[in-house]
1. Treating the angle as unsigned and between 0 and 90°, give the value, to the nearest 10°, between the Cα long axis of helix 57-66 and the longest Cα principal axis of the chain.
2. Which of the chymotrypsin sites (Phe, Trp or Tyr not before Pro) across the chain are loop residues per DSSP, with 12 or fewer other Cβ within 10 Å?
3. Put LYS30, LYS65 in order of accessible area, largest first, 1.4 Å probe: what do you get?
4. Among 39-51, 15-27, how do they line up by average Cβ neighbours within 10 Å per residue, starting with the highest?
5. How much of the accessible area of the chain, in percent, comes from carbon and sulfur atoms when a 1.4 Å probe is used?
6. With no solvent and one equal point scatterer placed on each C-alpha of the chain, evaluate the Debye formula and give log10 I(q)/I(0) for q = 0.17, 0.26 Å⁻¹, two decimals.
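The values are calculated or read from the model by the stated rules, or taken from the named source; none is laboratory data. Remember, predicted model here, so these are calculated numbers, not experimental data. Virtual Cβ from ideal backbone geometry, glycine too; neighbours counted across all protein chains shown. Side chains included, ligands, DNA and RNA excluded: accessible areas come from the protein's heavy atoms. Shrake-Rupley method; radii C 1.70, N 1.55, O 1.52, S 1.80 Å.
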Amino acid sequence: MNETVEQRTICAFCNTTGGRIRHVSRSYGKGDHLLVIENVPIMICPHCGESYMTAETLPEIERIKLHRQAMAESRSVPVAIFA
């Protein structure tokens, strides 16, 4: 019998299983110093509603921010202000 077992993640806030990893875009800074990092893994708990980055993700975010000149490509994007 061949079964695919789904990996279940335990929520750091409510300690229940069933959390899902989603990949999202996050922005850091503003204006000329804005950096958008795509494909950031975020843990989302369907039970308590919390979402957070894991301890493994945070150093990578800091590394990307530190080396933004070498790692980032420039893109032109529309920006709207919520008023």
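1. Result, in degrees: 10.
2. On the way: sites: PHE13, TYR28, TYR52, PHE82; in loops: PHE13, PHE82.
In loop regions of the chain (DSSP not H, G, I, E or B), the sparsely surrounded chymotrypsin sites (Phe, Trp or Tyr not before Pro) are PHE82.
3. Values: LYS30 160, LYS65 70 Å².
My answer, sorted largest first, is LYS30, LYS65.
4. Working: 39-51: 13.8, 15-27: 12.3.
Taking the mean over residues of other Cβ atoms within 10 Å, the ranking is 39-51, 15-27.
5. Details: 3740 of 7160 Å².
Ligands and nucleic acids excluded, carbon and sulfur reach 52 percent.
6. For the chain, the Cα-only Debye profile gives -0.84, -1.24.
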